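Report on the following structure.
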Amino acid sequence: VGNYKRTVKRIDDGHRLCNDLMNCIHERARIEKVYAQQLTEWAKRWKQLVEKGPQYGTVERAWCAFMSEAEKVSELHLEVKSSLMNEDFEKIKNWQKEAFHKQMMGGFKETKEAEDGFRKAQKPWAKKLKEVEAAKKAYHAACKEEKLAISRETNSKADPALNPEQLKKLQDKVERSKQDVLKTKEKYEKSLKELDNATPQYMENMEQVFEQCQQFEEKRLRFFREVLLEVQKHLDLSNVASYKNIYRELEQNIKSADAVEDLRWFRANQGPGMSMNWPQFEEWSADLNRTLSRREKKKASDGVTLTGINQTGDQVSQPNKHSSSLSVQSNTVQSVQSSYNPFEDEEDTGSTVSEKEDNKIKNVSSYEKNQSYPTDWSDEESNNPFSSTDANGDTNPFDEDTSPAMEVRVRALYDYEGQEQDELSFKAGDELTKMENEDEQGWCKGRLDNGQVGLYPANYVEPIQ
């Protein structure tokens, strides 16, 4: 009696399992979205580095093909995320709403109907079972009383002090006990027979309600199987034709890389085959613009150009690398009121790559493809970059001489993006080593912690106390 509650509880568990499956799909959709965003960021960053870097020709195209692959795969994973949330998630949500109906007093209509059905089917049989238990208890009590009466009668026969009248009472007590035993036994057997006769009908009624619960649970199990198969189809990119085409195209791009073709192109454009500009006689002209060095240009200007200034800790938008205007954006405090819904697709605001990692990646390529090379030359042995000491690789012929006489640690006050090849780039708060004092144009020579040596504006840093 009462064990039908396990079957009734299964209905409530079915509603809870729908929530669990929706949570499971929602978390997977978020993973797909984050992975797609990371692929896109990676592809964008490395595509710029490769295009600006020294690699050229067909190998460059093969390298860039990996970034194209990442962008296309990112789109596919965004489609997977969209399918999981817009199709599978919504399908479970709608089915749950149709299958389970909440009551005003709490609980579900389906749960109450099943419990009422079981209770109604069990009530007559439970009543007869209660009668059987009462008859059984009465019969056992009569048997106990009979045994006690017989024991007293037996003991009294051995007692000579007991008068015949008292003995007669004990004998009458034994007789009445035997009659009670027969009556209670008959009643017990009768109620037990009635319970046995009611049992088939009871089983039939209970099984009828149980089958209704089984059918309800079968619908849920079949629905879950159907949804899981659809989720599998959405996640399985191996059967998507466009996914296979991505890697077929990537393989073709890599195989199309031709070292001979790249060497031929370099010879024609950067080597002996390039168009020559042999020196020719040029007449002097007063209108000819005088070529100024970088430091003379800096000195002739009204002041030092500040680009991308950031106060330490402030969130200021980074201006264009070539902008000459000073742009400082004030902090704006926004109050956002939002309620979190675990089933809504939330926007991921956190960046997947830290600024430090960005800075490291920016310095991967040692120089850009279109950088200018020095054209000055000299036949003096001391100025030959390929002399015996430099040829051993101990020093870099393109680095300026460093003097260890004066080195001071300084901290950057603002962001600075180097405008020319021999200038340093750093962020507000970065620390570097000042190697030479400020010159008359307001420039200092310093060294970053990664070993890069170059110039920077003196008023962009302060000494570390």
So residue 178 clears everything in (1) open to solvent by less than 60 Å² (accessible area, probe 1.4 Å); (2) assigned to a helix (DSSP H, G or I) except one condition, right? Which one? (1)
Among the residues of region 48-70, write down those that are open to solvent by less than 70 Å² (accessible area, probe 1.4 Å), assigned to a helix (DSSP H, G or I), out of contact with any Asp or Glu (no Cβ under 6 Å at 6 or more places or on another chain) and not aliphatic (A, V, I, L, M). 60, 64, 68, 69
Given (1) under 30 Å from residue 1 (Cβ atoms); (2) outside any helix (DSSP H, G or I); (3) not aromatic (Phe, Trp, Tyr), identify the lone condition not met by residue 159. (1)
Condition first: of a type outside the set (S, T, N, Q) and within 21 Å of residue 33 (Cβ to Cβ). Now tell me which residues in region 229-253 satisfy that. 230, 231, 233, 234, 235, 236, 237, 240, 243, 246
Hey, among the residues in region 1-34 that are open to solvent by 50 Å² or more (accessible area, probe 1.4 Å) and not in a helix (DSSP H, G or I), which one's nearest to residue 109 (Cα to Cα)? 3
Have a look at 75, 79 and point out the one that is over 30 Å from residue 259 (Cβ atoms) and without any contact (Cβ under 8 Å) to a residue 24 or more places away in the chain. 79
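Residues checked against (1) touching a Phe, Trp or Tyr at 6+ places or on another chain (Cβ under 6 Å); (2) part of a helix (DSSP H, G or I); (3) open to solvent by 70 Å² or more (accessible area, probe 1.4 Å); (4) on the phi < 0 side of the Ramachandran plot:
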site: 115; (1), (2), (3), (4): no, yes, no, yes
site: 136; (1), (2), (3), (4): yes, yes, yes, yes
site: 148; (1), (2), (3), (4): no, yes, yes, yes
site: 154; (1), (2), (3), (4): no, yes, yes, yes
site: 165; (1), (2), (3), (4): no, yes, yes, yes
site: 174; (1), (2), (3), (4): no, yes, no, yes
site: 186; (1), (2), (3), (4): no, yes, yes, yes
site: 191; (1), (2), (3), (4): no, yes, no, yes
site: 206; (1), (2), (3), (4): no, yes, no, yes
Here is a check on your reading of the model: is residue 101 assigned by the TED database to the domain that holds residue 251 and surrounded by 15 or more Cβ atoms within 10 Å (Cβ to Cβ)? no
Given the condition acidic (Asp, Glu) and either modelled with pLDDT of 95 or more or closer than 23 Å to residue 7 by Cα (or both), answer yes or no: does some residue in region 120-140 qualify? no
Go through region 138-156 and give me each residue that's of a type outside the set (Phe, Trp, Tyr) and closer than 23 Å to residue 190 by Cα. 138, 140, 141, 142, 143, 144, 145, 146
So if I check each of 434, 427, which one is of a type in the set (Lys, Arg), within 19 Å of residue 406 (Cα to Cα) and out of contact with any Lys or Arg (no Cβ under 6 Å at 6 or more places or on another chain)? 434
Just name the residue that is farthest from residue 52 (Cα to Cα) out of those in region 428-451 that are within 37 Å of the chain's Cα centre (by Cα) and open to solvent by 60 Å² or more (accessible area, probe 1.4 Å). 431
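The values are calculated or read from the model by the stated rules, or taken from the named source; none is laboratory data. Since the model is a prediction, treat every value here as computed from it, not as a measurement. Note that we place each Cβ from the backbone using ideal geometry, even for glycine, and neighbour counts take in every protein chain shown. The accessibility values were calculated without ligands, DNA or RNA, using every heavy atom of the protein model including side chains. Shrake-Rupley method; radii C 1.70, N 1.55, O 1.52, S 1.80 Å.
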